[in-house]
Amino acid sequence: MDTVRYVLAYITVVFIPFVYVLWPLVHPFANYWRKINPKQIYGIFFLLLVATIFTLSHFVEFLIGTDYGFNLFLTIAGVSCWVVSTVIKSKRRKYLTVKILLGFPEVSKEGYPGKLLTEGIYSKIRHPRYLEMMVANIGSALVVNMLGVYIIVALLIPALYITILLEERELIDRFGDDYVEYSKSVPRFFLKIKFK
């Protein structure tokens, strides 16, 4: 179990921060990215990923921090988060294609403007992918139970929220009033519960 926890910790502190740093750079500059060949953009992103992984790999032990050990209760809670995340993924997967997931509408003239997703799970919440990521990362932090992972996940959640705000501005630019109306009737993350 310690090996599994360590591998999850490694992934969380070395790979995941890159995604949360990259996406805030994509949305505000989408019009600029579309002027460049998508292969070049993905090449730049890949080089940044390699540089990030190489750099952070040298600081893994420091980034992981104190290991609080295996905790059955936290592991059950973490696995429960993964189950919730997997359910969200299964519902959004039909609509969010790999091209969309990789940001093709944001970085390519051919992918622009893309399609406004409003059906299925997207009729209930606007950002199921981001909710899925948040819940999965919280689950990983609980299973791993290491200080550095808790800190990184705690920092990633507001970073993801900022990304969402930037993305929504870009979606308004792309889809105009259609997105504004959609955002008025569908919440960002959590289902609207109506009590009678």
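Rule-based calculations on the coordinates, nothing more; no lab input. Because the structure is a prediction, the values reported are computed rather than measured. In this analysis, Cβ positions are derived from the backbone assuming ideal geometry, glycine residues included, and neighbour counts consider all displayed protein chains.
Say the cut-off is 20 Å between C-alpha atoms; which of LYS124/LYS184; LYS35/LYS94; LYS89/LYS109; LYS89/LYS124; LYS115/LYS184; LYS35/LYS99 go over it?
Numbers: LYS124/LYS184 12 Å; LYS35/LYS94 29 Å; LYS89/LYS109 27 Å; LYS89/LYS124 14 Å; LYS115/LYS184 18 Å; LYS35/LYS99 18 Å.
Those over the limit are LYS35/LYS94; LYS89/LYS109.
Largest first and in whole Å, give the semi-axes of the chain's equivalent ellipsoid, each being the square root of 5 times a Cα gyration tensor eigenvalue.
Details: eigenvalues 186, 110, 32 Å².
Semi-axis lengths for the chain are 30, 23, 13 Å.
Given 0.36 nm per residue, what is the gain on full extension from ILE53 to VAL180 after removing their alpha carbon distance, in nm? Intermediate values should be presented prior to the final figure.
On the way: separation 127, 0.36 × 127 = 45.72 nm, distance 3.76 nm.
Result for the pair: 42.0 nm of gain on full extension.
Which length gain, in nm to one decimal place, applies between ARG169 and VAL4 when the Cα-Cα distance is subtracted from 0.36 nm times their residue separation?
Numbers: separation 165, 0.36 × 165 = 59.40 nm, distance 3.89 nm.
Working it through step by step, the gained length comes to 55.5 nm.
Pop the C-beta distance of LYS109 and GLU61 into the FRET formula with R0 = 45 Å and round what comes out to the nearest 0.05. Numbers along the way, then the final one.
Details: r = 44 Å, r/R0 = 0.99.
According to the calculation, E is roughly 0.50.
Using a 7 Å offset from Cα along Cα-Cβ at ILE44, what residues in the stretch 1-29 end up with backbone N under 18 Å from the label point?
Label zone hits: 18-29.
Can you give the relative contact order of the stretch 2-185 as a percent, counting alpha carbon pairs under 8 Å and 6+ residues apart? List each step's numbers first, then the result.
Details: 193 pairs, mean separation 69.2, N = 184.
Relative contact order comes out at 38 percent.
Could you rank the peptides 61-72, 140-151, 94-105, 121-132 by their average count of other C-beta atoms within 10 Å per residue, with the highest value first? Please list the in-between numbers first.
On the way: 61-72: 13.3, 140-151: 21.6, 94-105: 14.9, 121-132: 19.6.
Most protected by this proxy first, the peptides run 140-151, 121-132, 94-105, 61-72.
Helix check for the chain. Which DSSP H runs span at least 20 Å along their own axis by Cα, with a mean Kyte-Doolittle hydropathy no less than -0.5? Could you put the intermediate results ahead of the total?
Values: long enough: 38-57 (28 Å, 1.51); 72-92 (30 Å, 1.10); 128-144 (24 Å, 0.97); 147-175 (41 Å, 1.38).
TM-like helix candidates: 38-57, 72-92, 128-144, 147-175.
Find how much the distance from ARG93 to ILE76 grows on full extension, using 0.36 nm per residue of separation minus their present alpha carbon separation; answer in nm with one decimal. Kindly include the intermediate steps, with their values, before the conclusion.
Working: separation 17, 0.36 × 17 = 6.12 nm, distance 2.52 nm.
Here the segment from ARG93 to ILE76 would lengthen by 3.6 nm.
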